[in-house]
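Undergrad: Handing you a structure now.
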Amino acid sequence: MKCALTGHRRLPYNFSRETLSAELEELVLKGTDTFYCGMAVGFDMEACMALLKLKKRYPLRVVACVPCPEQDAKFTPAQRQLYHDLLDRCDEVNVISPSYSKDCMRKRNYYMVDRADFVYCYFSGNVRSGTYQTIRYAQGKDRKIFAYGFTEQ
């Protein structure tokens, strides 16, 4: 199975990397073998780091889906370093648009959903966000949505 990841750039103080890692591991144990990651600061990069750690124990693929070559233009130096370190460790890097445009992030998000069987997200409830647009798009494509903090028996 294939999973698209989406979430906010700003994470709350109580965001738990341990919860994220445990939930991603649960998805792997249930048969998910490919994860599409948008590589934005915040949730995307946290998920990518967790998946790359899980990759040491499980046969899974991490596919970086970069909206445009300039994605890291406004990152801090530390964020830029982490971003490039993560890209180097991903199994595949797909650059969706040849240059920045006002809809390249949306195109990246839809690209991931179109290739995935379901979506795993961190969503705060902000209906003006790209995460919300991605969830709505995924719902329109009949993709199941798992949210950070999910519990499924």
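All of the numbers you see were taken from the coordinates with simple rules; none came from a lab. What you see is a predicted model; the values in this text were computed from it and never measured. Note that each Cβ is placed from the backbone with ideal geometry, even for glycine, and that neighbours are counted across all protein chains shown.
Undergrad: Given 4 °C and 1.567 mPa s, how large is the Stokes-Einstein diffusion coefficient of region 49-89 in µm²/s, with Rh as the Kirkwood radius over Cα pairs?
TA: 113 µm²/s
Undergrad: Let me ask something else about it. Could you list, in their original order, any pairs among LYS2/LYS107; LYS53/LYS141; LYS74/LYS141; LYS56/LYS102; LYS30/LYS102 whose Cα atoms are separated by more than 26 Å?
TA: LYS53/LYS141; LYS74/LYS141; LYS56/LYS102; LYS30/LYS102
Undergrad: From the alpha carbon gyration tensor of region 10-70, can you work out the equivalent ellipsoid semi-axes (sqrt of 5 times each eigenvalue) and give them in Å, largest to smallest?
TA: After diagonalising the Cα gyration tensor, the semi-axes are 19, 17, 8 Å.
Undergrad: Let me ask another. Tell me what the chain gives for mean residue ellipticity at 222 nm when only DSSP H runs of n ≥ 4 count, each as -39,500 (n - 2.57), the sum divided by the residue total, rounded to 500 deg cm²/dmol.
TA: That comes out to -12500 deg cm²/dmol.
Undergrad: Count the net charge of all other residues whose Cβ sits under 12 Å from the Cβ of VAL119, scoring Lys and Arg as +1 and Asp and Glu as -1.
TA: Charge balance near VAL119 sits at +3.
Undergrad: At 4 °C and a viscosity of 1.567 mPa s, what translational diffusion coefficient does Stokes-Einstein give for region 2-147, taking Rh as the Kirkwood radius over Cα pairs? Give it in µm²/s as a whole number.
TA: It comes out at roughly 86 µm²/s.
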